[in-house]
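**Student:** My questions will all concern the structure given below.
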Amino acid sequence: MNIAYIGNGKSTNRYHLPFVLQRKDRITVKKIYARNLAKREWDRVAGVEYTDNIDDLLLDDDIDLIVVCTRHDQNLHYDYAKLVLNHDKHCLVEKPFMETSAQAKEIFDLANQKGKIVQAYQNRRFDSDFLTVIDVIENKKLGEVLEMEMHFDYYRPEVPQSVDSFDPALSYLYGHGCHTIDQVISYFGAPDKIHYDVRQLLGEGRMNDYFDLDLYYGVLKISVKSSYFRVKERPSFIVYGKKGCFVKEKKDRQEEHLKLFHMPDNPDFGLDLPEHYGTLTYYDDQGVYHEEKVVSRKGDYGRVYDDLYEAIVNKLPVTITPKQTMLQMEILETGVKNLK
């Protein structure tokens, strides 16, 4: 499968190329489009053609998939995805997928008309901590799961303090909630109902910098929480069941390693150390108390490309479905609709 990128910034070079270049037996990066070729913030990839003419990508019959790695506001994801599909290419779009659910529906409808795949880059489905939590739930030691808390916290007050206007597309819910909400949808499906607490802690006319969404699935409540004002991060995951609980303090480490330029070709890339393992505490069927560490699963953002390769080349069903992405877009829209 031959692919190309629209955009040559952090998204392309940090969160996509390191994983795609591991898959040279199946995927070839042919071209990268950048509006300003003079900018050299990132090392050039040997064998890849860099161009400032987008038609070099759109009109190349050898390119199967074009990946949109631009900013998502100013309709850029929408405009580029539409352009790619109208040139009969498959399309992968960075998160958040679009600015509105109406845009998302139009893009999915267009892809259907063209017989092409368009998909959101939901790489966080393949986070180590999330995959480990799913394993814990499925091994049944917790019993029936009653509650789960998911946290994605920072102490970065300078981010909201530097913004003096409100743009839904640049809200914290869009920028980070799109990851955690997708994780919930990918495993648990559509909730019965949702309670929204989405705030501008600095007041109206400032960015959204906090959210707390409760998604209900029968007796199960899943809380998705994030803030820019957490000096001490809350655990990445806490899961409560009728027989016990599981606490995973440390987030997936892939992003941490990428920021240090410790790349996926290192054997320890993204791997938790024993001190990062989560703790499972439960009573077994005989009423005996247990407390044990759970070895973390290995995460791999590149699995998005593995699944997309299978869908495009071998015609298997997509794993990140339009229905899931549409639901996520509707949740994001609803969450910020009353902010000003």
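The values are calculated or read from the model by the stated rules, or taken from the named source; none is laboratory data. These numbers were taken from a predicted model, which means no experiment stands behind them. For neighbour counting, all protein chains shown are included, and Cβ atoms are generated from backbone atoms with ideal geometry for every residue, glycine included.
**Student:** Only one residue in Arg35, Arg26, Arg40, Arg44 is basic (Lys, Arg), more than 20 Å from the chain's Cα centre (by Cα) and closer than 19 Å to His262 by Cα, so which one is that?
**Tutor:** Just a single option satisfies the conditions, and that option is Arg44.
**Student:** Ok, one more. Could you tell me which of the residues Arg297, Arg253, Arg234, Arg230 is out of contact with any His (no Cβ under 9 Å at 6 or more places or on another chain) and basic (Lys, Arg)?
**Tutor:** Arg297
**Student:** Follow-up question, since we're still on this one. Which condition from (1) within 18 Å of the chain's Cα centre (by Cα); (2) assigned to a loop (DSSP other than H, G, I, E, B) is the one that Asp88 breaks?
**Tutor:** Only one criterion is unmet by Asp88, namely (1).
**Student:** Would you be able to tell me the number of residues in region 96-154 that are out of contact with any His (no Cβ under 9 Å at 6 or more places or on another chain), of a type in the set (A, V, I, L, M, F, W, C) and either over 18 Å from Ile320 (Cα atoms) or crowded, with 18+ Cβ neighbours inside 10 Å (or both)?
**Tutor:** Adding up the residues that qualify gives 15.
**Student:** Tally the residues that are part of a loop (DSSP other than H, G, I, E, B), buried (at least 18 other Cβ atoms within 10 Å of the Cβ) and without any contact (Cβ under 8 Å) to a residue 60 or more places away in the chain, restricting the search to region 171-191.
**Tutor:** 1
**Student:** Starting from residues that are of a type in the set (D, E, K, R) and over 16 Å from Leu76 (Cβ atoms), keep the ones in region 32-54 and report whichever is surrounded by the most Cβ atoms within 10 Å (Cβ to Cβ).
**Tutor:** Looking only at region 32-54, we keep the residues that are of a type in the set (D, E, K, R), and these are 35, 39-41, 43-44, 49, 52.
Retained after the next criterion (residues that are over 16 Å from Leu76 (Cβ atoms)): 39-41, 43-44, 49, 52.
Values: Lys39: 10, Arg40: 9, Glu41: 8, Asp43: 8, Arg44: 12, Glu49: 14, Asp52: 12.
Selected residue: Glu49.
**Student:** Which helices (runs of 4 or more DSSP H) sit wholly inside region 221-340 and have at least 1 residues that are outside the structural domain of Pro157 (by TED's automatic domain parsing) and surrounded by fewer than 15 Cβ atoms within 10 Å (Cβ to Cβ)?
**Tutor:** In region 221-340, the matching helices (runs of 4 or more DSSP H) lie at 303-313, 322-336.
**Student:** Read through the list (1) out of contact with any Leu (no Cβ under 6 Å at 6 or more places or on another chain); (2) part of a helix (DSSP H, G or I); (3) closer than 30 Å to Asn53 by Cα; (4) touching a residue at least 24 places away in the same chain (Cβ under 8 Å), then give the number of the only condition that Met98 fails.
**Tutor:** (2)
**Student:** Could you tell me which of the residues Asn13, Asn8 is of a type outside the set (Val, Ile, Thr), crowded, with 19+ Cβ neighbours inside 10 Å and in a loop (DSSP other than H, G, I, E, B)?
**Tutor:** Asn8
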